[in-house]
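Values quoted throughout were computed directly from the atomic coordinates according to the rules given, and no laboratory measurement underlies them. Fair warning: this is a prediction, and the values are worked out from it, not measured in the lab. Reconstructed Cβ throughout: ideal geometry from the backbone, glycine too, with neighbour counts over all protein chains shown.
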Amino acid sequence: MKKRTMALMMAASFFGAGGCSAENVAAQKVETEPGKILIAYYSWSGNTRFAAEQIQKLTGGTLFEIKPAKAYPSDYSACVDQAKQECRDEFKPELATKVEDFAKYDVIFVGTPNWWSTMAPPVRSFLAGYDFSGKTVIPFVTHGGGGMARCERDMRKVCPKAAFGRGGAFSGGSIRNAGDALNKWVNEVVTIRK
Ligand SMILES: Cc1cc2nc3c(=O)[nH]c(=O)nc-3n(C[C@H](O)[C@H](O)[C@H](O)COP(=O)(O)O)c2cc1C
């Protein structure tokens, strides 16, 4: 009896961990039209931009670059140091760009490089800066070997009102040869009505 109660308590805490918020909506394929797709991304050295451009070509959606008001240092070590502190602090830098007519989009691909196992800080600002109620976010990440890490999980935390599609993680170093993998993943997460 004691064992059974404990098992039930464990199951309840597992299934009840996130309540019934949109956070828990199962990753499933969404159907939409090109005019309602936004591909928002931040990229420091071009890999995530490349992935975003491919997703734009595959979906016909609108490309949007998330730019911080103050650019990150172009020196790699300086950037890594600054990013380490900001990622640890969950810092949300001011942004220099704003989406026009955000309300018209219902599916938003959100791209980030994996920085210290999480999203780059400008992407955190982006997700916190708009009303994502009723929208589906589909994360995509480029990385240096660490994969998705905590990127998708942290995006869900910052953006609890959105439903989430299954995120894609792609190696930054081979992104320019990842056309087939990107195509396959896009077809798995979204159906485009023409
Ligand atoms: C500040 C910084 C932190 C990084 N941290 C990680 C990391 O924790 N794990 C990882 O796999 N790659 C890490 N990388 C590598 C990038 O995720 C990878 O090169 C990515 O493709 C870069 O995308 P971008 O060209 O769009 O900026 C880091 C790169 C930078 C500049």
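When segment 100-141 is filtered for residues that are within 13 Å of V158 (Cα to Cα) and not in a helix (DSSP H, G or I), the ones remaining, listed by number, are V110, T118, M119, A120, G129, Y130, D131, F132, S133, V137, P139. State yes or no: is I108 under 20 Å from T142 (Cβ atoms), of a type in the set (A, V, I, L, M, F, W, C) and away from the ligand (no atom under 16 Å from the Cβ)? The answer is yes for I108. With respect to the conditions (1) surrounded by fewer than 23 Cβ atoms within 10 Å (Cβ to Cβ); (2) within 13 Å of the ligand (Cβ to nearest atom), F140 falls short on a single one, namely (1). Can you pull out the residues in segment 74-99 that are within 11 Å of the ligand (Cβ to nearest atom) and either surrounded by 12 or more Cβ atoms within 10 Å (Cβ to Cβ) or under 19 Å from V158 (Cβ atoms) (or both)? Hits for segment 74-99 are C79, V80, D81, Q82, A83, K84, Q85, E86, C87. Against the list (1) away from the ligand (no atom under 15 Å from the Cβ); (2) charged (D, E, K, R); (3) assigned to a helix (DSSP H, G or I), the condition K161 fails is (3). For segment 111-137, the candidate set comprises residues that are within 8 Å of the ligand (Cβ to nearest atom), farther than 9 Å from Y42 by Cα and of a type in the set (A, V, I, L, M, F, W, C); within that set, the residue that is surrounded by the fewest Cβ atoms within 10 Å (Cβ to Cβ) is W116.
Residue count for segment 57-73 satisfying the condition of being within 15 Å of the ligand (Cβ to nearest atom) and of a type outside the set (K, R): 8.
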